[in-house]
1. May I ask you to sort H234, H72 by Cβ crowding, counting other Cβ atoms within 10 Å and putting the fewest first?
2. Counting Lys +1, Arg +1, Asp -1, Glu -1, what net charge surrounds C159 among other residues with beta carbon under 9 Å of its beta carbon?
3. State the antiparallel share, in %, of DSSP beta bridges confined to the range 258-367, rounding to the nearest 5.
4. In which sequence would R29, R307 go, from the one with the fewest C-beta neighbours within 10 Å to the one with the most?
5. Using Cβ contacts closer than 10 Å as the measure, can you line up L123, L12 from fewest to most?
Amino acid sequence: MSTTERDYYELLEVSRDADEREIKKAFRRLARQLHPDVSEVPDAEVRFREVSEAYEVLSNPETRQLYDRYGHAGLRSGGFSPSHFDLGDLGDLFSTFFGEDVFGGRGGRGHRADVAAAVEIELAEAARGVTKTVSVDLAVTCETCAGSGVKPGTPVVTCRRCGGAGRLQQISRSVFGEFVRTASCPECGGTGRVAEQPCEDCDDGRRVERRDVEVVVPPGIHDGQRIRLTGAGHAGVRGGRSGDLYVGVRIAPDPRFAREGNDVYSQVDLTVVEAALGKSVPVETLDGTVELEFEPGTQPGDVKVLRGKGMPVLQGFGRGDQRVLVNVLVPRRLTDEQRNLLEQFERATDDDTYRREGGFFQKLKSAFR
């Protein structure tokens, strides 16, 4: 059996009925042991990629079910292929789930336990503002050990691997001289002390739970912007500062409107007769339907401006406008009677009937002014 065909449960050292929490815990433990930057195991990089692939399959309910039923052949027939992470990417992935690097460091902002989420809203919701609920997997402080990671009533001792320093040094030699690299000790997480008996209900003082978080989306927000919820991310390690939750906002396309900055654009269809004789028609806005009067002789491409009917200015005052573009519908199928009537009308026209007032490009500039 090749390395790519090894049993994923065996690689993660878990039973086949292990739950999601057990699989995550096993991956974290093995990643700490096997990361090539700190591991002394000769084939650490290969094994690190193997356990990462195993975690990628078993942490996803769909691929896990496929693997359980049909094995590696089922994954291949289902189109699965492992992600080609480099080691830096895997460290970032580990940080995303657990709020620290694979060495256990808790240094600057890059190692804080920030979390990313996304929410989709309608354009009308973006106009008035809305509160949405997002579900995220968060590392929360363990109630059993109060976040210490230590079994209640047991001692904490000096880390044997780093001697209490919390840091390890690696020296590499090249033609340019010696290079010293310092990293947090993977055994103690950079604290210099370890628990003789870790807490049985958590990992490093935290447990992963699914939480619902309310996100207040302000009026006027733009597609792709992010909302930061300070302190709503993963709990810090051993009482450290909690991370932030960043919620990316996507505004679903609205078939009625196109948005440009704080202005919105819409279109109204008029028949040839309605455009020639004038007509009052209902027009949809972000605030509801309004009656809009079109004068006799309305031309294709004419633009009606509804002041203050656009999007609110984000964290400001006022609103943009709504610009309504006129589309004149020309009949495609005519009866003989309709054709005769139009021919009679055409014979009765003169140059003054179709007198121009402004060219096409002038109207186009007006639409986007």
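Any read-out appearing in this document is the output of simple, stated calculations on the displayed coordinates, not a laboratory observation. From a predicted model like this one, the values you see are computed outputs, not experimental measurements. Neighbour counts run over all protein chains shown; Cβ positions are idealised from the backbone, glycine included.
1. Fewest to most other Cβ atoms nearby, the residues stand as H72, H234.
2. Computed value for this residue: +2.
3. Numbers: 15 of 23 bridges.
Antiparallel bridges: around 65 percent, rounded to the nearest 5.
4. With the fewest neighbours first, R29, R307 line up as R307, R29.
5. Numbers: L123 18, L12 24.
Going from sparsest to densest Cβ surroundings: L123, L12.
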